[in-house]
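**Student:** What follows is a structure written as structure tokens; I'll ask about it next.
The values are calculated or read from the model by the stated rules, or taken from the named source; none is laboratory data. Worth saying up front: this structure is predicted, and the values here are computed from it rather than measured. When we count neighbours, we look across all protein chains shown, and the Cβ atoms used for this are built from the backbone with ideal geometry, even at glycine. When the accessible area is computed, the model is the full protein with side chains, heavy atoms only, and any ligands, DNA or RNA have been set aside. Shrake-Rupley method; radii C 1.70, N 1.55, O 1.52, S 1.80 Å.
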Amino acid sequence: MDRELASSFVPADIEAPLYEKWIAAGYFTAQASSSKPPYTIVIPPPNVTGSLHIGHALDHTLQDTLIRMKRMKGFEALWLPGMDHAGIATQNVVEKQLATQGITRHDVGREAFVEKVWQWKRESGGVILDQMRRLGDSVDWSREAFTMDAGLSTAVLTIFKKLYDQGLIYRAERIINWCPRCLTALSDIEVEHSDDAGEFVQVRYGEGDIQITVATTRAETMLGDGAVAVHPDDARYQHLIGKEVLLPLANRYIPIIADELVEMEFGTGAVKVTAAHDPNDFEMAMRHNIALVVIMNEHGVMAGSGTRFDGMDRFDARTAVVEALRAEGRIMDEKRPYIHAVGHCSRCETTLEPRLSKQWFVKTAPLAKAAGDAVRDGRVKIEPTELAPRYFDWIDNMHDWCISRQLWWGHRIPVWYGPNDEVIVVGPGEVAPAGYVQDPDVLDTWFSSALWPFSTLGWPAQSEDLKRFYPTSVLVTGYDILFFWVARMMMFGLFAMDGVAPFHTIALHGLVRDQFGKKMSKSKGNTVDPIEFMDKYGADALRFTLARGANPGKDQALAEDWIGGSRNFATKLWNATRFAMMNGANIEGDLPDFATLNAIDKWILSRLAQTVAEVDSLLEDYEFARACELMYHFAWDDLCDWYLELSKERFSSGDCADTKRVLGFVLDQLFRLMHPVMPFITETMWTALTGGESLVTAQWPVAHADHVDKISENLIGELQEIISEVRRFRNDQGIKSSQKIPARFLAPAHIVDYVPAMAFVLRLELGEITPSANCEIGKSKVEFDLTSAIDLVAERARLEKDLANAHKDMQTAQIKLDNQGFMAKAPETVVVEIRERLAKTSSDIEQITAQLSKLLTP
RNA sequence: GGGUGCUUAGCUCAGUGGUAGAGCGUCUCGUUUACACCGAGAAUGUCGGGGGUUCGAAACCCUCAGCGCCCACCA
């Protein structure tokens, strides 16, 4: 084992070798066997997305943090290096990559496209998360290794068939969201609504006695109208219900129907019913048996209306239709612009077209009910709990899920059609009869992603892994994916695994935003590249920054400066450890009996014990940010700035066996504690310090409750006050910190032992002196022998400022104590605290006043 | 339209009833033998506005204003 640390910290030097070490040791494969209770954590795949998105880095950091902690606690933790979940992001990235080579998926067939994808993945090394990217050749990039992605995996076939057999998958002609550019159906959550400027025109239908005016934002669809609907209670239109009215331009007669879906107050109270091009209208049409008239093709071009508008683009047709109606004097009113919500494709932003088409659906009602109940009755917890309502709101009002996609990339729908319109589902191991043709569509990517918690464990086979690791424990992911992925894993998990939810906790974190808190987007160019930052500052620095910013469910702003700060912290730890080891920090033998230690050693152990306890509990509660904050301040402030400084005198005097041992213990424990958030540097320092094999498998620190020692904490608090005050004095007097000053301490008995340590830190030379200046801090006094006269103005200014502060503090305390309501109702502990504050401030005032008067009359 | 969250130091954010905090930035000083990716010191806030509850409010309630996010079949 390397027992020395390099004089400077270079992340790249330690990261790559450690990956190799960890991989070789098998730390990143499923660990079998343990008498301990299984504790498993699902990790989403290390994202074969082709590009590392900062959000993935955050997911990964937090999941890995929990895994490492749990493993150190002795739980069996499962690491799933699976490669499922080829998401929409993958497709986009892959497509973009291919586009740079002049290839589009339309140019090549499905098979060729998929081949290209794998070729590209292999060539580029494929992955890119901080760990995976360094695996390089140790990952099998062959297509076979990714069959879950590419082929019709057994799990997908099995679940599809199971759902189909239970009547939960059906094919239907419905109005779905259709992207005329991507030429595919989209599910509800792939639709992005935005308020767009459109037009709102009122059109008079009919002739003579039978006339009615409807309002629309999509005038061109009137060519496909099958009816006009009014509310059954609408007095204005009672006489028209049941009559037929002339549809202009199309010159057809259509019925006027009554339906409660119509709102009387909106528009004219009369609605055109375009059954094939609007979901509401479709519903009404079904109820009233209205004809479906399709007037637009898949590209959003008018077709089949039998009018002169056929062949026009939908938006051109809109203008043309309005003009034609205007020429006939049928436009009664128009509002332009009319701001209203319009659906767009989440991938290409094209305005969506509701389109009548045959698609496959999952009947979600029973699945969603189960998924909702699992959270409602507490079997699954959502952290933070504030986000649970959002989950319920969505899952309790879910529409049936359109799962067919007209894309190239994905699992093909395992449905085959016979020559006489037979429909069969071909399950795993089955073969379609000759002459049957497979449905050309593929499944929504979330269909297979929903299987992740058990398909990765071998399901539908009853594998050992499945038995041991299902249900998993904690899913950590961003709240933005709650509906897309989490809810679907819940539904399918409960369905496929006999009502056992896939995990007991859903820990949601926020999204990463830019340094100004703005959402990152490619078009704004404010995205950050995590790889670049890892190369520049080290993986630990990026991980620590992400973890430190991760408050449950809240977004975090990420800027290069923060990462630089974390790198500085890592360097600080490195240097402190190097210094400690140079001075003999060790872990040999038992820790000395606590009672025999000096107050400085007791104090750091006390601080350590509290930090360990708090960090442990915070991490268990998924409070990553607060845990990191505590570790940061313990390491930097308590350990580096105070403990090491106060111990220097002891190190130089040689009487420090206990301190060396305590320091070794503190570092050992701190490294264990920090390992989950800074794995590389802690592993390196820990193995150097302890000679241990690996921190990955070391035990998680346990807080020593018996090390918590208020007496030492108070004592060190006094030392800190004295030191700070003398530093201030030196600073105000313009004395260089390197200049040694002859001085004498007049300290109470309990502090006397620590005068040498303080003098060392403060660069004071102890001895008998002729004092020319002094500082008084509480019951202590430090006298100096300054060669030159002190700066009276600066000194007076300092004292006067202290005096003013003390007066202010005393006043606020006094006001409280004079308040009868406060005295009567405030709890005793608070009153005591205020009394003590008053006593302290008044003695401070006395002291400072005396010093000031001495300054005036030396 | 319905939810939901936010508004605290120049910036990004912690802080769920007892004298306002952190990181970064700013200013001054400093090459003290772990560290200039450092050390020491300093400055900085009517805690969005207005009401209320309370002995006491950044925190709890009401209200107003601004911003954000999610959901949404009002043509």
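**Student:** For the stretch A:294-307, what are the residues that are out of contact with any Leu (no Cβ under 8 Å at 6 or more places or on another chain), part of a loop (DSSP other than H, G, I, E, B) and open to solvent by less than 50 Å² (accessible area, probe 1.4 Å)?
**Tutor:** A:300, A:303 - these are the residues of the stretch A:294-307 that are out of contact with any Leu (no Cβ under 8 Å at 6 or more places or on another chain), part of a loop (DSSP other than H, G, I, E, B) and open to solvent by less than 50 Å² (accessible area, probe 1.4 Å).
**Student:** A further question on this structure: Taking the conditions exactly as written (at pLDDT 90 or above, in a loop (DSSP other than H, G, I, E, B), more than 23 Å from the chain's Cα centre (by Cα) and more than 30 Å from residue A:54 (Cα to Cα)), does residue A:461 satisfy them or not?
**Tutor:** Here the answer is no, as residue A:461 does not meet what is asked.
**Student:** Being part of a helix (DSSP H, G or I), within 16 Å of RNA strand B (Cβ to nearest atom) and either at pLDDT 95 or above or among the small types (Gly, Ala, Ser) (or both) is the filter here; which residues of the stretch A:582-602 pass it?
**Tutor:** A:600, the sole residue that qualifies.
**Student:** Looking for something within 17 Å of residue A:570 (Cα to Cα) and free of Cβ contacts under 8 Å to residues at least 60 places away in the same chain - is there at least one such residue anywhere in the stretch A:705-720?
**Tutor:** No, every residue in the stretch A:705-720 fails to be within 17 Å of residue A:570 (Cα to Cα) and free of Cβ contacts under 8 Å to residues at least 60 places away in the same chain.
**Student:** Here is a list: A:828, A:836. Which entry is more than 8 Å from RNA strand B (Cβ to nearest atom), open to solvent by 80 Å² or more (accessible area, probe 1.4 Å) and under 20 Å from residue A:777 (Cα atoms)?
**Tutor:** Being more than 8 Å from RNA strand B (Cβ to nearest atom), open to solvent by 80 Å² or more (accessible area, probe 1.4 Å) and under 20 Å from residue A:777 (Cα atoms) holds for just one of A:828, A:836, which is A:836.
**Student:** Within the stretch A:250-285, how many residues are open to solvent by 30 Å² or more (accessible area, probe 1.4 Å) and either touching a Leu at 6+ places or on another chain (Cβ under 7 Å) or of a type in the set (D, E, K, R) (or both)?
**Tutor:** Residues flagged as open to solvent by 30 Å² or more (accessible area, probe 1.4 Å) and either touching a Leu at 6+ places or on another chain (Cβ under 7 Å) or of a type in the set (D, E, K, R) (or both) within the stretch A:250-285 amount to 8.
**Student:** How many residues are at pLDDT below 90, touching an Asp or Glu at 6+ places or on another chain (Cβ under 7 Å) and farther than 23 Å from residue A:294 by Cα if we restrict to the stretch A:341-362?
**Tutor:** Summing the residues that are at pLDDT below 90, touching an Asp or Glu at 6+ places or on another chain (Cβ under 7 Å) and farther than 23 Å from residue A:294 by Cα in the stretch A:341-362 gives 2.
**Student:** Go through the stretch A:173-200 and report how many residues are within 16 Å of RNA strand B (Cβ to nearest atom) and open to solvent by less than 50 Å² (accessible area, probe 1.4 Å).
**Tutor:** 16
**Student:** Looking only at the stretch A:378-392, how many residues end up being surrounded by 12 or more Cβ atoms within 10 Å (Cβ to Cβ) and within 27 Å of residue A:186 (Cα to Cα)?
**Tutor:** 5
**Student:** Continuing with this model, one more query. Provide a single number: the residues in the stretch A:468-495 that are open to solvent by 10 Å² or more (accessible area, probe 1.4 Å) and more than 22 Å from the chain's Cα centre (by Cα).
**Tutor:** Number of matching residues: 5.
**Student:** Could you tell me whether the stretch A:263-274 includes any residue that is on the phi < 0 side of the Ramachandran plot and more than 12 Å from RNA strand B (Cβ to nearest atom)?
**Tutor:** Taking every residue of the stretch A:263-274 in turn, none turns out to be on the phi < 0 side of the Ramachandran plot and more than 12 Å from RNA strand B (Cβ to nearest atom).
**Student:** Return only the number of the condition from (1) under 24 Å from residue A:284 (Cβ atoms); (2) more than 42 Å from the chain's Cα centre (by Cα) that residue A:208 does not satisfy.
**Tutor:** It is condition (1) that residue A:208 fails.
**Student:** In the stretch A:625-665, what residues are more than 10 Å from RNA strand B (Cβ to nearest atom), farther than 18 Å from residue A:594 by Cβ, open to solvent by 10 Å² or more (accessible area, probe 1.4 Å) and assigned to a helix (DSSP H, G or I)?
**Tutor:** Those that are more than 10 Å from RNA strand B (Cβ to nearest atom), farther than 18 Å from residue A:594 by Cβ, open to solvent by 10 Å² or more (accessible area, probe 1.4 Å) and assigned to a helix (DSSP H, G or I): A:630, A:649, A:653.
**Student:** For the stretch A:401-434, what are the residues that are open to solvent by less than 50 Å² (accessible area, probe 1.4 Å), part of a loop (DSSP other than H, G, I, E, B) and not aromatic (Phe, Trp, Tyr)?
**Tutor:** A:403, A:406, A:407, A:410, A:411, A:413, A:414, A:418, A:426, A:427, A:432
**Student:** Okay, next question. What number of residues within the stretch A:489-514 are in a helix (DSSP H, G or I) and in contact (Cβ under 8 Å) with a residue 60 or more places away in the chain?
**Tutor:** Summing the residues that are in a helix (DSSP H, G or I) and in contact (Cβ under 8 Å) with a residue 60 or more places away in the chain in the stretch A:489-514 gives 6.
**Student:** Also, quick follow-up: Report every pair of residues separated by at least 6 positions or lying on different chains whose Cβ atoms are under 7 Å apart, first residue within the stretch A:806-828 and free of Cβ contacts under 8 Å to residues at least 40 places away in the same chain and of a type outside the set (A, V, I, L, M, F, W, C), second within 6 Å of RNA strand B (Cβ to nearest atom) and open to solvent by less than 90 Å² (accessible area, probe 1.4 Å).
**Tutor:** Once the first residue is free of Cβ contacts under 8 Å to residues at least 40 places away in the same chain and of a type outside the set (A, V, I, L, M, F, W, C) and sits in the stretch A:806-828, its partners that are within 6 Å of RNA strand B (Cβ to nearest atom) and open to solvent by less than 90 Å² (accessible area, probe 1.4 Å) give A:816/A:822.
**Student:** Residues that are modelled with pLDDT under 90 and of a type outside the set (Asp, Glu): which helices (runs of 4 or more DSSP H) entirely in the stretch A:714-827 hold 3 or more of them?
**Tutor:** Of the helices (runs of 4 or more DSSP H) lying wholly inside the stretch A:714-827, those with at least 3 residues that are modelled with pLDDT under 90 and of a type outside the set (Asp, Glu) span A:792-818.
**Student:** Please go through the stretch A:555-581 and pick out each residue that is open to solvent by less than 30 Å² (accessible area, probe 1.4 Å) and either assigned to a helix (DSSP H, G or I) or touching a Phe, Trp or Tyr at 6+ places or on another chain (Cβ under 8 Å) (or both).
**Tutor:** Hits for the stretch A:555-581 are A:563, A:564, A:565, A:566, A:569, A:570, A:573, A:574, A:576, A:577, A:580.
**Student:** Which of the following residues is away from RNA strand B (no atom under 11 Å from the Cβ) and touching a His at 6+ places or on another chain (Cβ under 7 Å): A:845, A:790, A:777?
**Tutor:** A:845
Condition check ((1) in a helix (DSSP H, G or I); (2) open to solvent by 60 Å² or more (accessible area, probe 1.4 Å); (3) within 14 Å of RNA strand B (Cβ to nearest atom)) across all residues:
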{"position": "A:213", "(1), (2), (3)": "no, no, yes"}
{"position": "A:221", "(1), (2), (3)": "yes, no, yes"}
{"position": "A:232", "(1), (2), (3)": "no, no, yes"}
{"position": "A:237", "(1), (2), (3)": "yes, no, yes"}
{"position": "A:246", "(1), (2), (3)": "no, no, no"}
{"position": "A:287", "(1), (2), (3)": "yes, yes, yes"}
{"position": "A:309", "(1), (2), (3)": "no, no, no"}
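**Student:** Got at least one residue in the stretch A:515-538 being open to solvent by 60 Å² or more (accessible area, probe 1.4 Å), within 9 Å of RNA strand B (Cβ to nearest atom) and not in a loop (DSSP other than H, G, I, E, B)?
**Tutor:** yes
**Student:** Within the group A:737, A:724, which residue is free of Cβ contacts under 8 Å to residues at least 24 places away in the same chain, open to solvent by 30 Å² or more (accessible area, probe 1.4 Å) and within 16 Å of RNA strand B (Cβ to nearest atom)?
**Tutor:** On inspection, the qualifying residue turns out to be A:724.
**Student:** Kindly indicate whether residue A:563 is among the β-branched types (Val, Ile, Thr) and within 24 Å of residue A:373 (Cβ to Cβ).
**Tutor:** Judged against the criteria, residue A:563 is not a match.
**Student:** Here is a follow-up. Given the structure, is residue A:562 under 24 Å from residue A:673 (Cβ atoms), out of contact with any Asp or Glu (no Cβ under 9 Å at 6 or more places or on another chain) and within 15 Å of RNA strand B (Cβ to nearest atom)?
**Tutor:** yes
**Student:** Residue A:210: modelled with pLDDT of 50 or more and in contact with a strand residue (DSSP E or B) (Cβ under 7 Å, 6 or more places away or on another chain), yes or no?
**Tutor:** Taking the combined requirement at face value, the residue satisfies it.
**Student:** Kindly indicate whether residue A:346 is open to solvent by less than 80 Å² (accessible area, probe 1.4 Å), among the polar types (S, T, N, Q) and within 12 Å of RNA strand B (Cβ to nearest atom).
**Tutor:** Spelling it out, residue A:346 is indeed open to solvent by less than 80 Å² (accessible area, probe 1.4 Å), among the polar types (S, T, N, Q) and within 12 Å of RNA strand B (Cβ to nearest atom).
**Student:** Something else: Only residues that are open to solvent by 20 Å² or more (accessible area, probe 1.4 Å) and within 12 Å of RNA strand B (Cβ to nearest atom): list them for the stretch A:201-211, please.
**Tutor:** Passing the criteria: only A:202.
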